[in-house]
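A quick write-up on the structure given underneath.
The values are calculated or read from the model by the stated rules, or taken from the named source; none is laboratory data. Because the structure is a prediction, the values reported are computed rather than measured. Cβ atoms come from the backbone with ideal geometry, glycine included; neighbour counts cover every protein chain shown. What goes into the accessible areas is simple: the full protein's heavy atoms, side chains included, and nothing from ligands, DNA or RNA. Shrake-Rupley method; radii C 1.70, N 1.55, O 1.52, S 1.80 Å.
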Amino acid sequence: MFNAITQSQIYVLDQDAALDFYVGKLGLEVSADVPLGFMRWLTVSVPGHPERQILLEEPGSPAMSEETAEQVRELVTKGAMGGWLIFTTDDCRKTYETLLARGVEFTEGPTERPYGIDCGLRDPFGNRIRFTQPKD
């Protein structure tokens, strides 16, 4: 049957602002940026790992009607439609300090957990992001 997840999707309200955040601040890299006419296929990935991409999708056609897209945009704006992304890191505290210096706003600083150290933030659109330093 299946042997990998290659792409996941989250909604963003502005793909250029999403690029600034995900590439400029978080340090991900662009995997694809393809204008398809009816939409822009924009994916990012962890550097060196293009096999797992995140589609930064603006709500709209062809996936949904304009009426539905407006409802989704309203939910995203309220933070009620946000997706989840969870990354791993070798050093949670160092990554936190690096991102803090780049202007990333956190919802929770590095915290000891039974599974390791993690912290949380939201992207400019309300999507929740965590990164974890797993226990050895």
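Listed values, structure above:
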{"quantity": "Principal-axis tilt of helix 92-101 within the chain, Cα atoms, nearest 10 degrees", "calculated": "60 degrees"}
{"quantity": "Principal axis box of the stretch 87-136, alpha-carbon based, largest edge first, Å", "calculated": "32, 20, 14"}
{"quantity": "Accessible-area value, Leu100, 1.4 Å probe, nucleic acids and ligands omitted, Å²", "calculated": "80 Å²"}
{"quantity": "Gap separating the Cα centres of the stretch 59-136 and the stretch 1-19, nearest whole Å", "calculated": "13 Å"}
{"quantity": "Net charge of neighbours whose Cβ lies under 9 Å from the Cβ of Pro124, counting Lys and Arg as +1 and Asp and Glu as -1", "calculated": "-2"}
{"quantity": "DSSP loop chymotrypsin sites (Phe, Trp or Tyr not before Pro) with at most 14 other Cβ within 10 Å excluded, longest remaining stretch of the chain", "calculated": "39-114"}
{"quantity": "Surrounding net charge for Pro59, when Lys and Arg each add one and Asp and Glu each subtract one, Cβ distance under 14 Å", "calculated": "-4"}
{"quantity": "Under 13 Å, Cβ to Cβ, from Gly103 - net charge with Lys/Arg +1 and Asp/Glu -1", "calculated": "-2"}
{"quantity": "DSSP-defined antiparallel bridges as percent of all bridges, the stretch 51-136, nearest 5", "calculated": "70 percent"}
{"quantity": "Solvent exposure ordering (accessible area, 1.4 Å, most first) of Glu51, Glu70, Glu57", "calculated": "Glu51, Glu70, Glu57"}
{"quantity": "The chain: calculated mean residue ellipticity at 222 nm from DSSP helix runs of at least 4, using -39500 (n - 2.57)", "calculated": "-5500 deg cm²/dmol"}
{"quantity": "Accessible area in the full protein assembly, largest first, 1.4 Å probe, for Ser8, Ser61", "calculated": "Ser61, Ser8"}
{"quantity": "Angle between the chain longest axis and helix 66-77 axis [Cα atoms, degrees, rounded to 10]", "calculated": "20 degrees"}
{"quantity": "Computed P(r) (all Cα pairs; the stretch 1-46; 10 Å bins; percent)", "calculated": "23, 53, 19, 4"}
{"quantity": "Neighbour cut-off at most 12 other Cβ (10 Å), DSSP loop, GluC sites (Glu not before Pro), the stretch 77-116", "calculated": "Glu105"}
{"quantity": "Under 30 Å from Lys135, Cα to Cα: lysines that are on another chain or at least 8 residues apart", "calculated": "Lys25, Lys94"}
{"quantity": "Kirkwood estimate for the chain, i.e. one over the average of 1/r between Cα atoms, Å", "calculated": "15.9 Å"}
